[in-house]
Every structure is written in C-alpha cells, then in structure tokens.
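The structure appears below as structure tokens.
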Amino acid sequence: SIADPYLYTVTFNSELGIIPAFTAVDDSSNIINSIKDDGTSGSVVGGLAANGDFNSYELDMASGPALEYTIPNLVPGKTYYVRIAAKNKMGYSARRDTSPSSLSIPRQVPGTPTSYYHDSAAPSLHVVSDTSLAVRIGPPNFDGGDEVSHFNVEWDTAPTFDSAADSTALGKQSVVATRQLCANCVTKFNNVTNTFTYDGNADMLKDMIAQRRVRVYFHQDDRSSNGLGTSYTFSIASATATTFTVDTGHIRTSKGWATGAAAMLDEAGVSKADLILMGTEYTISGLTAGTPYWVRVNAFNPSGNGANIATVPSSATPRAAPAPPTTVSASVTGANSVNVAFTPASVAGGSVQNYKVEYFTRSPSSSITGDFFGINEIQVLSVARSQNYYNEYGTFTLKIGNATVTLPDTAKAVTGQDYLETTFDFTPYVMRGDMIEINGVDYTVSSSGHFDEAQLPLTAAYTGATDAAAVLKVIPQTNNLNHDCSASELEAALENLETVGDVDVKRAVDSNGGFWYTITFVSDLGQQPKLQVSDSMLLNSGIVLSIVDGGGSSGYTDGTYAVDISAPDAGDGVQAVATVTITGGSIASFSITNAGSGYFSAPTIGFTAVAGGGSGASATATISSAGVAVNSNGLVWHDGVLPNDYGYKIVDAATAASSGYSVDISGLNTGSEYYFRVSASSDRGYGQFTASRATATP
C-alpha cells in the first residue's frame, strides 16, 4: 500500500463497444488497490458513439490480393461509418476513416415474395375449382428499407403476361400483405434467447406457426421516413400464448439493450409494440375451365413495386372432375350378364383416367327418405358462433377418408430420425399437425422443427427400415375455406377432392349468425366416411365447428317412441316434439312435429327415445348417434344405404376405348330388372353419373 496512490485512467480511443476490464497479471508487491470499470460511458470516435451499433471483419491477406470487402445485412435508411486498420505481429495500426466517412443505403423497392410457409421458396399456386386458383404468398426476405404493404398478383393465359388489349397481364389484383394480430402487445425482448414476451391468446397462437414471418415495431431504431421508429421482420422458431422465439438470422441493428429481458418502452415508459402477421392467400376467380393460367407476384413498399417472381408451379389449370357420358344403354347378353355401352366422357383441362359402371335393383318399398334406390348420405357441418362475434378472419379445411392421396415426390426416411430428408418442398401440400402415412404407417408432421425443401419434421422418430424413396400419402383435404363460405364454395371444395364425387350443399343461417351446411353425397352411394374438421385456423373462440354425426345406431327394441330433444337454444319456450320408429332393431323413420324457431348446437344435441309417447315415461333407449337426426332448422342428416343388389365395375380409359366404350357385367340375378349408370374420373376424382339410367333384365 502507498500513502499517496496514483490513479490511472485508460480511455480506449479506437475500440468500440464495451471493453473487458483489466485484470492483474502479476501483483506480487500488492501495489494495486483496485481496478474500476464504468463500462458504459463510451467515447465518440468519428462521430459514432462507442456503444452504438457496430461490427467488424478481419480480411485475411493470405486468401488473395483483393483489398475489398462487401458489408452484408445493412439496413436501408441508416447511416453507417466505416474505418480501416492494418495489423501485424505488434497489433493494429491507427484507424483511418474511409472517404467518404459514411454512407446510407437508400430505401428501395422490396425483394421478391417468398413462400407462405418459409422464406426459401416462391409463392405456391393451388387449384380451387374449375374456375378458380389460389396463390399463397409470403413476404420478401428484403423489404427495401420500408414496410411491405401489398402484394400484386398477376395472371395470364400466356407466360409472357401480355394477353390484355394493352399488352399487359390479363388480370391483376393488389392484395394487402399483412394482418395485425394485436396492438400494444409486444412488451419485452430477450436478446440472448431471441425471445419476445407478448400479450397473446389461443387465437393468436394459431397464427404463430414455426417459420411464418411477423413484424414487430422497435421504437429506438429510427430509420422510417416519419421518424416514428421501425418495424422489423422475424421468422418464428416457436411460440406459446405468452412468448415467441425467433430465428437468429434476422437483421437487428440495436445493440444497446442489456443482456436478458429488456422492456420495449417509448420515452413515456409505455409499451407500444404491435405484432403483425406477414403473408396472405388470394383466390383468383372467374377463370375459364380447362385453360392454363400463369401467375406471378411482386411486393410493394413506398418506393414502388419490386421484381416479379413466378409461383410454384408457374402455371395451373382450373379444372373439375369429368362431365358424365351423355348416353348409356344396356343389352342382355346372357342369363346372368348384361353389356353396358356409353359415350366417352370429356374433361376440360385434364384427361379421363377411369370409368365406373354401377348397377343395382329397385327396392319393393321406399326407404325412410322416400327413395327406392338406397339412401344418399347426408352430413351436416355446423359453424356455430355467438352473437358478439365480429372477427372477419378465419378459415377451416375438411378431410375425408383414409390416406389415399400420394404426394408428388418421395422422401428419405432414416430409422430413428424424427424428420424426413427431402429434395422437394412439401409445405404447400402438408400442414403442420397433419397426419402423413410413410410406407403405410401413420406419423404426424411436427408443429416445430425446420420444414422446407430439405426436410419434413415429425413428432416421433421413424421406426421403419431406412428407405431412400419412401412413399408419402395424406388424407384428401380441401383448400382453405372461409368461416362463412357460400354453399357453392364448399361444394366445389369437396368435389375437388379425388375421393369425393358429386355432392349437393345447402347453407342455412341461425339466429346467432352461425351456419349450418347440409352436405348430400349424390353420386357416392352407401355409407360414407365422416368428414373430418380442421379448425386450427379459425381465429375466434366463439366459433364451434363440428360435423354432426348420424352414426348409424341399431339394436333398439322395435316400436314407435316419442323423442325428447335436449337443450334447444331457441329461447322461444317451444319444446320440439318428435317421434322415432324402430323396425328390426334399426331406425325406420324419424319425424319432428313441432320444432319451434330455434336450433340445437352441436355437439350437445341428443335424442332419447321414450316409451309410450310421453316425456314422463321410462326411457327404453338413448339414441345420441341416431342413423337419422334432425334439428329445428329442418336439417336432416343420416347414413347412406346402398341400393339392393348393388355392384360396380371400374375400367381404365384405355381399356374402355379399345372395347368401344362397352363393359360386360356378369353375376346378375336372372329375372331381376337392373339399373345401370356410368361416371368418369380424372385427377380431380369422379364426376357426375349419366343423367339417365339404362335398364335391362337378364
């Protein structure tokens, strides 16, 4: 210890940022009292605060004579200062400012849009119906220094986009590029874990899907033209209802926040960070069936339109299943055989793959629906919502049946690996959370993990033998449908599935603004698979989306019973009254005699058959999944029943053509009159059957 110690103040004139504190290497004489480091005052060098935004790069002279370096990831509208120093074994020389000492990258038009699902592919194009296509668009990787507000979608029947009278694209539409998820809701950011804290909820979480892009407003980064701060785009890595973590590859210029969770506050100490979802979907309608259309997209910011990029695929043909053969005839060829002849079918924008010849006999008595040729299945889709629901956003999809749709490419499946190695981008075809069949075994696509053209993440490790070309299949699924879609839109979406033929859809609206869709399977006979609802993108908790299930109950005691209908929602004081008749252990008829003006919300609807025709009698059976059911809107749903002596035969188009479009049907019952009808299939499934049926009695 020295009575009058010396105080040394060391100022780092050339180094930027926080400098590590000195440590004593050898103080054997114990003459150092302390080392103090304020660490935050900083100096000003070349007009740049020492604790400002900075970075550096060391150019290796051994790699070549080129004395230049391109600085990446700079933000347009922000001024950057640059200086250079040389280095030898003794250390760095004095820094020298460049000439000029600073430059600002000008704001400019944005880059090209990307995939809706991730940032390494182009926007995707999808067939919706025979007159419409959908394009799904993600934001560009480079916004040009200003917020991207719109996408411009163009379509044409020529790849040159000059078919209009003025030599421009045949059609174009400006589409809003973003949707605000919440205002004043992002409160903190951890710059170590790249995690934001926000005031989210279950609906927002549906949008916070891994690899989707969001914008967050930063007040301390002033590079906007109005001086009010800056929005930056981030790619979501994972999310909960209260936090979301972003990928590390984002451009953020501020380094001034302390390590850990820093509050995002303005000068008044108030959080004002908004959360904005990037990307959108646009449906091009009014197109000509069977005509190929090319589609391209560009992004727009205050500097103008960026370059166009073609969708993937670059063109698509709006198309539906084939039109039915115009005529069908039948002639007896034996005691148990008939030859069925028909005219070839046609399909706009595709080719006929197969023909299906169905045959059946007439029932001696009518069914509960008044039919003599079986019963067409009817399913009801309920989109119930509360009266205070005003959210205009939200979509759903419908699936049906098993995994029968083979995806466009194979993938490498490795034993014990929880992802598939791919060389094809499956993101437009498979959603996170979907079931996917890999070589006949069901797996689920993970809600997290990297999903692009290089890999497909799974929730569990693949347990099969390693396969370099594993076949992938998914359940047929519609395109996205708005929560209030029209009957015709839902009908087109279902008929666009390759496993669904002709359907008829009707829509009713209840007193609370909910929707009831009655779906009749017109061409597909017999009991059909129940539609499966995917409501992960319906963005209001007031919506209840469900398929009201008939179920095909049986095994009840024969008789006629009154039906007690539980929990009518009408509020009009009218109790619905109904009766059910059980014959042979199954429901033979069902009728409502007084429905009131209300409706019954799925899934609470239930039917209890009560003996003796009165609600006070003892219950003999509970028919909660009745084969036939009805609600007070007059909607009826029931399982399909095949006609008597039903059968069918499928022949491929080439075989049908070589036989002159005639098919021999054998194994028929002698003396029974049979009815015959024909439909054709393409890659969009089977279409309608011939308008009339041919008859013959072997």
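What follows is calculated from the coordinates using simple rules that are stated; it is not laboratory data. It should be emphasised that the depicted structure is a prediction, and the values quoted were computed from it without experimental measurement. So basically every Cβ, Gly included, is an ideal-geometry build from the backbone, and we count neighbours across all protein chains shown.
Charged neighbours of Asp442, selected by a Cβ distance under 13 Å, balance to -1 (K, R count +1; D, E count -1).
Longer than 30 Å from Cα to Cα, which of Lys188/Lys399; Lys356/Lys506; Lys399/Lys649; Lys356/Lys399; Lys356/Lys530 are they? Say none if no pair is.
Among Lys188/Lys399; Lys356/Lys506; Lys399/Lys649; Lys356/Lys399; Lys356/Lys530, the Cα-Cα distance tops 30 Å for Lys188/Lys399.
With +1 on the Cβ of every Lys and Arg and -1 on the Cβ of every Asp and Glu, and nothing else charged, how large is the dipole of segment 393-488 about its Cα centre, in debye rounded to the nearest 20? That gives segment 393-488 a dipole magnitude of about 200 debye. The label point for Ala468 and the one for Ala66, both projected 7 Å from the Cα toward the Cβ, are 3.6 nm apart.
Descending by average beta-carbon neighbour count within 10 Å, the peptides 277-283, 236-242 line up as 277-283, 236-242, the highest first.
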